[in-house]
Amino acid sequence: SHISAGEYISEGAQTEIQKIMDNLTTANSLPNKPKEIDAIRKVCQKGRMVKVKPTQVDVFIENKNGVLYFFDIKTAKPNMGGFKEFKRTLLEWVAVSLASNPTIEINTLIAIPYNPYEPQPYNRWTMRGMLDIDNELKVASEFWDFLGGIGTYPELLDCFERVG
């Protein structure tokens, strides 16, 4: 079942997210997720709290150190126009989570479960202006090995081969 990242966002965070989005859209700044999270954290409880209904989280993980990972799973060839919306969702998840707990360590990412271009690397250039590729995207083996440990992805592919 899906979980929600939260249901309240501060007006300060909404303003900050809009500023981040505007700067990325006009290419005034490059995506930098740690910096974006810090900026949102500073205003996560500033101003009125607004009730929102953010996109549901597809995969939620909390590691043994209490670090949170929220994944939005996308098809292997997502609509490139959608990356702006994907980015906004990732930032909103950060904001609603920090609104209720400003000190948590949180990561919000896009996951693309397989690479249709294997053995060629997955083409990421189209996302580069919007997503912080190193901190916001896991494709194929990066995603599955993150979930299940090194070697999970080839095992998974092997299972699919056998099943048919």
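Summary of values
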quantity: Residue in region 94-102 that is hydroxyl-bearing (S, T, Y) and either touching a Lys or Arg at 6+ places or on another chain (Cβ under 8 Å) or free of Cβ contacts under 8 Å to residues at least 60 places away in the same chain (or both) present; calculated: no
quantity: Qualifying residue in region 140-154 (condition: buried (at least 20 other Cβ atoms within 10 Å of the Cβ), touching a helix residue (DSSP H, G or I) at 6+ places or on another chain (Cβ under 7 Å) and among the charged types (D, E, K, R)); calculated: no
quantity: Test: residue in region 85-95 that is exposed (fewer than 15 other Cβ atoms within 10 Å of the Cβ) and not charged (D, E, K, R); calculated: no
quantity: Listing of helices (runs of 4 or more DSSP H) fully contained in region 26-140 that carry 3 or more residues being modelled with pLDDT of 95 or more and not basic (K, R); calculated: 33-43, 83-100
quantity: Residues of region 38-70 that turn out to be within 22 Å of L147 (Cβ to Cβ) and of a type in the set (V, I, T), as a count; calculated: 5
quantity: Test for I73: is it surrounded by 12 or more Cβ atoms within 10 Å (Cβ to Cβ), under 16 Å from the mean Cα position of the chain (by Cα) and farther than 22 Å from A140 by Cα; calculated: no
quantity: Single unsatisfied condition, P113 versus (1) under 15 Å from the mean Cα position of the chain (by Cα); (2) loosely packed, with under 11 Cβ neighbours inside 10 Å; calculated: (2)
quantity: Every pair of residues 6+ apart whose Cβ atoms lie under 7 Å, when the first sits in region 1-27 and is more than 12 Å from V96 (Cα to Cα) while the second is crowded, with 16+ Cβ neighbours inside 10 Å and of a type in the set (V, I, T); calculated: H2/V57; I3/V57; E16/I40; E16/V43
quantity: All positions within region 15-25 that are among the hydroxyl-bearing types (S, T, Y) and under 15 Å from F83 (Cβ atoms); calculated: T25
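The values are calculated or read from the model by the stated rules, or taken from the named source; none is laboratory data. Keep in mind that this is a model prediction, so the values were computed, not measured. Quick reminder, even Gly has a Cβ in these numbers, built from the backbone with ideal geometry, and neighbours come from all protein chains shown.
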